[in-house]
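The values are calculated or read from the model by the stated rules, or taken from the named source; none is laboratory data. For clarity, every value in this text was computed on a predicted model and none was experimentally measured. When we count neighbours, we look across all protein chains shown, and the Cβ atoms used for this are built from the backbone with ideal geometry, even at glycine.
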Amino acid sequence: MVIRRSAAIFAGLIVIAVAALILALASGSADISFADTLAALGGNATAKTQSLVIELRLPRALTAFAVGGLLAVAGVLMQVLLRNPLAEPYILGSSGGAAVAALLAMMLGFGSLVIDLAAFGGAMAATLLVFSIAHGTGSWAPARLLLTGVVLAAGFSAATTLLLALSPEQNLRGMLFWLMGDLSFAFEPARVLVVLALLTVAATLAARHLNVLSRGELQAAIVGLPVTGFRYLVFAAAALATALSVTTVGVIGFVGLVIPHLIRLVSGSDHRIVVPASALAGGSLLVIADTLARTLMAPRQLPVGALTAAIGVPLFLILMSRNRPSHG
């Protein structure tokens with residue numbers, strides 16, 4: 001029964017992912033029919049359609065899928081790490097830390113490699129800060145965790161504003177769009193797709209350990225899990241996913257918070273299902289959000305981060321109201 005249900009969940013998510021990708025390839029300021037889109041994928045379309053679908057829309061759609069998947073998996077890992085369902089790269093300041101470090105590297109004129117390393121360092125430093133402060137005396141109180149995250153996020157927001165104020169005017173629009181999530185220049189999906197695949201496979205293989213760790217450190221230690229080492233490994237993986245996402249498309253919130261909640265509601269809390277299902281669902285959500293960002297006010301593009309928030313906030317509020325404990 002459980003296996004059948006899991007298979008149904010994955011079949012549904014794969015269908016949604018494929019449909020979202022085909023819709024992304026067919027949608028845009030230049031209308032292309034689904035038949036022409038499929039013909040282009042098979043190499044049988046006109047040169048113009050082929051170029052539009054394969055060279056412009058496909059890399060962007062695949063990048064959106066990979067980044068959405070990375071953010072969702074990072075959200076799952078953060079929630080296990082901090083044993084709190086509200087833990088997420090955006091809320092816990094990791095995205096802000098990565099963004100500040102990346103913007104600083106951009107302002108100083110460094111190349112993409114240094115920007116990526118700076119973002120990774122920023123995400124790692126921010127996560128480590130929350131990790132150490134929230135852990136405190138050994139308690140993982142949600143209020144303490146959220147307060148730390150809110151304060152850190154406010155600090156990074158102030159630093160970001162300062163960097164924008166000091167930037168040359170011609171760079172401002174691009175930097176603002178990047179900060180709100182921008183896939184306009186996402187033409188190289190290979191790197192993020194490879195990291196998503198490796199991270200999803202690794203986290204799924206380590207699902208038994210994640211299941212044990214999510215129940216508490218004491219239980220994890222009792223069954224022989226090297227808690228400290230494994231925790232740092234999970235922490236590094238979440239920081240890497242966040243940093244790579246931020247450097248690829250900017251700061252995009254709510255994906256890592258809402259998607260794991262949705263998946264757990266549907267499938268339960270076994271990470272053998274939660275991790276790969278979150279990767280598929282997160283990827284699909286960001287592809288759909290990016291398609292809307294391109295098409296709602298075409299030819300003008302909206303920042304995709306604003307749309308994920310517009311989708312994520314009401315969705316999260318609905319989830320929270322459904323999960324509210326009844327009294328009496």
Residue count, the range 154-212, condition surrounded by fewer than 16 Cβ atoms within 10 Å (Cβ to Cβ) and in contact with a His (Cβ under 9 Å, 6 or more places away or on another chain), comes to 1
2 or more residues surrounded by fewer than 17 Cβ atoms within 10 Å (Cβ to Cβ) and touching a residue at least 60 places away in the same chain (Cβ under 8 Å): qualifying helices (runs of 4 or more DSSP H) within the range 1-77: 2-26
Taking the condition part of a loop (DSSP other than H, G, I, E, B) and either over 20 Å from the mean Cα position of the chain (by Cα) or buried (at least 21 other Cβ atoms within 10 Å of the Cβ) (or both), does I263 pass? no
So is T308 modelled with pLDDT of 80 or more, out of contact with any Gly (no Cβ under 8 Å at 6 or more places or on another chain), more than 23 Å from R83 (Cβ to Cβ) and hydroxyl-bearing (S, T, Y) or not? no
So which residues in the range 266-280 are farther than 13 Å from V73 by Cα and in a helix (DSSP H, G or I)? V266, S267
Pairs needed: first member in the range 286-301, in contact (Cβ under 8 Å) with a residue 12 or more places away in the chain; second member anywhere, of a type in the set (S, T, N, Q) and crowded, with 17+ Cβ neighbours inside 10 Å; C-beta distance under 8 Å; at least 6 residues apart or different chains. L286/T308; A289/T308; T291/S27; A293/Q301; R294/S27; R294/Q301; T295/S27
S214 - would you say it is of a type in the set (S, T, Y) and in a loop (DSSP other than H, G, I, E, B)? no
Considering the range 100-112 alone, what residues qualify as being surrounded by 15 or more Cβ atoms within 10 Å (Cβ to Cβ) and within 16 Å of F185 (Cβ to Cβ)? A102, L103, M106
For the range 231-285, give me each residue that is among the aromatic types (F, W, Y) and touching a residue at least 24 places away in the same chain (Cβ under 8 Å). F235, F254
Return the pairs, sorted by first residue and then second, in which the second residue is in a loop (DSSP other than H, G, I, E, B) and modelled with pLDDT under 90, the first residue lies in the range 180-196 and is under 15 Å from V304 (Cβ atoms), the beta carbons are less than 6 Å apart, and the residues are 6+ apart or on different chains. M180/P303; G181/G250; G181/I252; G181/P303; D182/G250
Tell me, which residue of the range 137-160 that is among the small types (G, A, S) and touching a helix residue (DSSP H, G or I) at 6+ places or on another chain (Cβ under 7 Å) is modelled with the highest pLDDT? A159
If you go through the range 7-29 one residue at a time, do you hit one that is in contact with a Gly (Cβ under 8 Å, 6 or more places away or on another chain) and within 30 Å of R231 (Cβ to Cβ)? no
Name the residues in the range 161-188 that are among the small types (G, A, S) and either at pLDDT 75 or above or not in a helix (DSSP H, G or I) (or both), would you? A165, S167, G181, S184, A186
